[in-house]
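Undergrad: Dropping a structure here in structure tokens format, bear with me for questions.
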Amino acid sequence: ATGYKETARHVPQRARVECLGVPVRREFFEAPSAEEARRLLGLAPDVPVVAVLGGSLGAVRLNAVAQHLLPAVERGMFQLVWQYGHRWSPPEQLPAGVLARPFFENPALVLAAAECVVARAGGMTIAELCAVGRAAILVPYPGATEQHQVANAQWMERNGAAVCVPDERAEGEVPGLVERLLADVERRQQMAAAARQHAHPDAAQRLACLLWEARQGLLRAGVEGRGD
């Protein structure tokens with residue numbers, strides 16, 4: 001069972017492959033409107049939000065990107081939701097319109113609130129972005145095994161759901177990309193729609209059914225093997 005069709009290329013040809021999608025929690029598919037999500041987070045409902053999500057431990061590069069976005073927040077261009085991780089601390093004085101925490105317990109709410117998401121490109125992150133349907137700027141972690149985050153981000157980019165920016169160019173390129181995306185409503189909506197096309201709301205159910213089917217097959221084989 002795979003989350004993405006492209007994974008089948010790396011599986012032995014003799015194997016049966018089922019592309020079911022990546023199971024994510026139901027709240028990602030039932031996320032509120034952007035305005036309601038902002039209210040629930042204590043943000044102004046009528047001001048756009050950019051989310052920078054560096055994982056539970058944080059990401060040094062994405063934290064640097066977030067700091068480059070602060071002047072635009074001060075100018076009132078957008079609000080910033082910033083997950084900076086447990087191993088790092090943000091500047092003591094942050095402008096109004098910044099919600100910064102080491103970790104957000106409800107990531108579906110954060111994604112729902114955002115017009116644009118800046119994040120790494122792990123498999124779960126991709127699945128959650130697709131479930132909520134959000135335009136993304138993906139900065140793949142360069143130390144990921146076999147560069148799988150680069151492959152993930154490039155897949156999203158090919159499908160029109162994200163822009164992929166190499167880690168070493170993120171600080172210089174992401175702030176400008178954010179401003180251009182926020183100014184281009186049509187492109188942002190197209191990216192969000194493209195992401196939703198790759199969501200799999202039934203992935204968990206289909207995976208459970210596949211496992212049950214396999215279990216029943218093993219039980220039948222065991223019974224037949226004993227001659228019972």
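Just so it is clear, none of the values below were taken in a lab; they were calculated from the coordinates. Note that this is a predicted model, so its numbers are computed, not measured. Glycine also receives a Cβ, built like all others from the backbone with ideal geometry; neighbour counts cover every protein chain displayed.
Undergrad: Give the calculated FRET efficiency between GLU6 and LEU94 to the nearest 0.05, with a Förster radius of 30 Å applied to their Cβ-Cβ distance. Working shown, then result.
TA: Working: r = 40 Å, r/R0 = 1.33.
The value I calculate is 0.15.
Undergrad: For TRP82, what residues show an amide H to amide H distance below 5 Å, using hydrogens built from the backbone and excluding near sequence neighbours?
TA: Residues meeting the amide H criterion: VAL52, LEU99, ALA100, ARG101.
Undergrad: From the Cα gyration tensor of the range 131-188, with a ≥ b ≥ c the square roots of its eigenvalues, which class applies: rounded if a/c is under 1.5, or else prolate if a/b is larger than b/c, or else oblate? Kindly include the intermediate steps, with their values, before the conclusion.
TA: Numbers: a/c = 2.78, a/b = 1.39, b/c = 2.00.
It comes out oblate by the Cα gyration axes.
Undergrad: Residues of the range 110-134 with amide nitrogen under 17 Å from the 7 Å Cα-to-Cβ point of GLU186?
TA: Backbone N within reach: none found.
Undergrad: Any chance you could give the angle, 0 to 90 degrees and rounded to 10, that helix 185-196 forms with the longest Cα principal axis of the chain?
TA: Rounded to the nearest ten degrees, it is 20.
Undergrad: Among rounded, prolate and oblate, which fits the range 50-107 when a ≥ b ≥ c are the square roots of the eigenvalues of its C-alpha gyration tensor, a/c under 1.5 means rounded, and a/b larger than b/c means prolate? Provide the component values of the computation, followed by the final result.
TA: Values: a/c = 1.85, a/b = 1.55, b/c = 1.19.
Prolate.
Undergrad: Another question about this same structure. Taking only DSSP H segments of four or more residues, each worth -39500 (n - 2.57), what value at 222 nm results for the chain once the sum is divided by all its residues, to the nearest 500 deg cm²/dmol?
TA: Details: 8 runs with 100 residues, N = 228.
Helix contribution divided over all residues of the chain: -14000 deg cm²/dmol.
Undergrad: Compute the angle between helix 170-183 and the longest alpha-carbon principal axis of the chain, please, reported from 0 to 90 degrees and rounded to the nearest 10.
TA: 80 degrees
Undergrad: Let me ask you something else. Compute a Gaussian network model of the chain, connecting alpha carbons closer than 10 Å, and tell me which residue from VAL11, VAL98, VAL73 fluctuates the most.
TA: Comparing VAL11, VAL98, VAL73 in a Gaussian network model of the chain, the most mobile one is VAL11.
Undergrad: Taking a ≥ b ≥ c as the square roots of the eigenvalues of the Cα gyration tensor of the range 74-157, is the shape rounded (a/c under 1.5), prolate (a/b larger than b/c) or oblate?
TA: Since a/c reaches 1.5 and a/b is larger than b/c, the shape of the range 74-157 is classed as prolate.
Undergrad: Taking 0.36 nm per residue of sequence separation and subtracting the Cα-Cα distance, how much length would be gained by fully extending the chain between TRP212 and ARG158, in nm to one decimal? It would help to have the intermediate numbers written out before the result.
TA: Numbers: separation 54, 0.36 × 54 = 19.44 nm, distance 3.46 nm.
Once the chain is fully extended between TRP212 and ARG158, it gains 16.0 nm.
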